[in-house]
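Down below is the structure, laid out as structure tokens.
The values are calculated or read from the model by the stated rules, or taken from the named source; none is laboratory data. As the structure is a prediction and not an experimental result, all values here were calculated from the model. Note that each Cβ is placed from the backbone with ideal geometry, even for glycine, and that neighbours are counted across all protein chains shown.
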Amino acid sequence: MQTFKRVLLLSLLLIVGAAIYNYPRLNIISGYASKNMASSVFITGRSVGSINQNDNNSNLMELADVTMNEKSAVASVFGLMERKTICRDGLGCMLINDDFDETKAYLEPKRTKSKNDLPFPYGNNGKKDTIFDNVDYTLLEKAIDNAFADPEVQKTRTVLVVYKNQIIGERYLKGFSKDTPILGWSMTKSVLGTLYGILEYKEALDLETHKPFASTDRMNPKGQITLNHLLRMQSGLAWEEEYTSISDVTKMLFLAEDMTLAQAEKKVIALPTEVWNYSSGTSNLLSGILRKQFNTHQEYLDFPYSTLIDKIGMHSMLIETDMSGNYVGSSFGWATTRDWAKFGLLHLHKGNWNGEQLFSPQWIDYITKPTPRSNGTYGAHWWLNAEGKYPDVPRDLYSANGYQGQRVFVIPSKELVVVRTGLSEEPDFDINTFLKEVIAAVE
């Protein structure tokens, strides 16, 4: 009996210990479930059932119970750690805390959604039925078939192949279409980075001399950090980018009121350029710095749309904000697959959009220059193939990459832009083989 009591006591202690250890994680779980449900329904128009079955069913997310209303979602885990997300026109959906005033008036970006009779990419009136003699369409269809061949593992949702400005291959998983906005996750970082390219082209700032911490940390290594260091993820500020635990990035995305402060408040662990450390906090810090370039909040809200997004007809795109009205430039950009492709084409054409130059052609040289210590995989808020990470793909490839395998690939030497979205990434989805097969079809 004494042994039984000891075993029982030990078991109870283990259960209590596990509960105490995991309790804070429930905040992240319910937060993610609430936010993802609200945004997916409000922005894409998908059903609650589809999202529960296909999106909120991974890892510990399936433990969350979510109730969706017209413009809000509430989630909890076993009735604990209830989290609410609200949705607002023009700003998308955001997790809120108990202190947030839902009745307070808010600004939203002013948008200009032009209409014309032009086909893709310079308009939204369908696509040209161009047939290229050098494209093996049968081979291309096979490559796309292979991208969808194992849906339980690859989890591909959309694929789009653009060659010489024309759509030559396109496919959507059931429940998705050319009109379905897709969450780009960290592809949003590349959009944010492009805004700095536009500012530089307007001579509004200098990436090498602008030091955002200089006024408060002049004698500290922090004061030496430039915009260039931030765009290249080599600031030397501490950051943990881990999505399976309570980390800097999950606390920022699912707990913070002002996401622009998460990285700014971190300590210096190295001098600028001494380390390369991928950080979503850095991107949101850049979003906050971007806001400071304008006299009003309205100007900041308008800028991404007036100078880039609506300028190139990415009218489906929406970048969500945090509780403080900052764009979540690290993660929360939505757009249709065709509009993500337009973003890639703008870069393929070195910033020229149907005759108008939005950023300097040299900006492409800047973002595709490998950042030291990144092993040739990172430039400035874009990913690279400079050292052959994808061995069967041209080294000039660069891409906007997002969580769970969201990708916009730009391959200048082949005049290709390829978009792939889904819920899995390498090794479950073989990017090298997929791109190899697509390229083979146009050679």
If a residue has to be part of a helix (DSSP H, G or I) and touching a residue at least 12 places away in the same chain (Cβ under 8 Å) to count, how many in region 340-363 make the cut? 10
Among (1) surrounded by 16 or more Cβ atoms within 10 Å (Cβ to Cβ); (2) outside any helix (DSSP H, G or I); (3) touching a helix residue (DSSP H, G or I) at 6+ places or on another chain (Cβ under 6 Å), the one test that Glu208 misses: (1)
Can you tell me which residue within region 323-341, out of those that are touching a Phe, Trp or Tyr at 6+ places or on another chain (Cβ under 9 Å) and under 25 Å from Leu261 (Cα atoms), is surrounded by the fewest Cβ atoms within 10 Å (Cβ to Cβ)? Gly325
Could you list, in sequence order, all residues of region 171-205 that are outside any loop (DSSP other than H, G, I, E, B) and surrounded by fewer than 18 Cβ atoms within 10 Å (Cβ to Cβ)? Arg171, Tyr201
Which of the numbered conditions does Asn354 fail, given that it passes all the others? Conditions: (1) under 30 Å from Thr44 (Cβ atoms); (2) buried (at least 18 other Cβ atoms within 10 Å of the Cβ). (2)
Is it the case, given these coordinates, that Thr158 is among the polar types (S, T, N, Q), touching a strand residue (DSSP E or B) at 6+ places or on another chain (Cβ under 8 Å), closer than 22 Å to Ile439 by Cα and modelled with pLDDT of 95 or more? yes
Does Ala262 satisfy being surrounded by 18 or more Cβ atoms within 10 Å (Cβ to Cβ) and free of Cβ contacts under 8 Å to residues at least 24 places away in the same chain? yes
Report whether or not Tyr366 is part of a loop (DSSP other than H, G, I, E, B), over 26 Å from Pro181 (Cβ atoms) and not assigned by TED's automatic domain parsing to the domain that holds Asp89. no
Taking only region 117-129 into account, find how many residues are surrounded by 12 or more Cβ atoms within 10 Å (Cβ to Cβ) and free of Cβ contacts under 8 Å to residues at least 12 places away in the same chain. 3
Can you tell me how many residues within region 214-243 are touching a residue at least 24 places away in the same chain (Cβ under 8 Å), within 23 Å of Glu200 (Cβ to Cβ) and not in a helix (DSSP H, G or I)? 8
How about region 265-299: which of its residues are in a helix (DSSP H, G or I) and either surrounded by fewer than 15 Cβ atoms within 10 Å (Cβ to Cβ) or among the β-branched types (Val, Ile, Thr) (or both)? Thr282, Ile289, His297, Gln298, Glu299
Tally the residues that are over 18 Å from Ile364 (Cβ atoms) and assigned to a strand (DSSP E or B), restricting the search to region 391-406. 2
Of (1) surrounded by fewer than 20 Cβ atoms within 10 Å (Cβ to Cβ); (2) closer than 26 Å to Trp334 by Cβ; (3) in contact with a Lys or Arg (Cβ under 8 Å, 6 or more places away or on another chain), Phe132 fails just (2)
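Quick grid of which residues meet (1) at pLDDT 95 or above; (2) of a type in the set (S, T, N, Q); (3) assigned to a loop (DSSP other than H, G, I, E, B):
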{"position": "Lys84", "(1), (2), (3)": "yes, no, no"}
{"position": "Leu95", "(1), (2), (3)": "yes, no, no"}
{"position": "Lys110", "(1), (2), (3)": "yes, no, yes"}
{"position": "Lys113", "(1), (2), (3)": "no, no, yes"}
{"position": "Gly123", "(1), (2), (3)": "no, no, yes"}
{"position": "Asp129", "(1), (2), (3)": "no, no, yes"}
{"position": "Asp145", "(1), (2), (3)": "yes, no, no"}
{"position": "Ala149", "(1), (2), (3)": "yes, no, yes"}
{"position": "Gly169", "(1), (2), (3)": "yes, no, no"}
Yes or no: region 251-271 includes at least one residue that is over 19 Å from the mean Cα position of the chain (by Cα), polar (S, T, N, Q) and modelled with pLDDT of 95 or more. no
Could you go through region 296-312 and let me know if any residue there is without any contact (Cβ under 8 Å) to a residue 40 or more places away in the chain and under 30 Å from Gly236 (Cα atoms). yes
Can you name every residue in region 61-100 that is exposed (fewer than 13 other Cβ atoms within 10 Å of the Cβ) and in contact with a helix residue (DSSP H, G or I) (Cβ under 6 Å, 6 or more places away or on another chain)? Leu80
Hits in region 321-339 - residues which are part of a strand (DSSP E or B) and over 18 Å from Glu299 (Cβ atoms): Gly333, Trp334, Ala335
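Name the residues in region 48-72 that are over 21 Å from the mean Cα position of the chain (by Cα) and polar (S, T, N, Q), would you?
Scanning region 48-72 gives Ser50, Asn52, Gln53, Thr67, Asn69, Ser72.
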Which of (1) modelled with pLDDT under 95; (2) touching a strand residue (DSSP E or B) at 6+ places or on another chain (Cβ under 6 Å) does Glu242 not meet, given it meets every other one? (2)
For Asp65, all conditions in the list (1) under 23 Å from Met252 (Cα atoms); (2) charged (D, E, K, R); (3) touching a Phe, Trp or Tyr at 6+ places or on another chain (Cβ under 6 Å) hold save one; what is the number of the exception? (3)
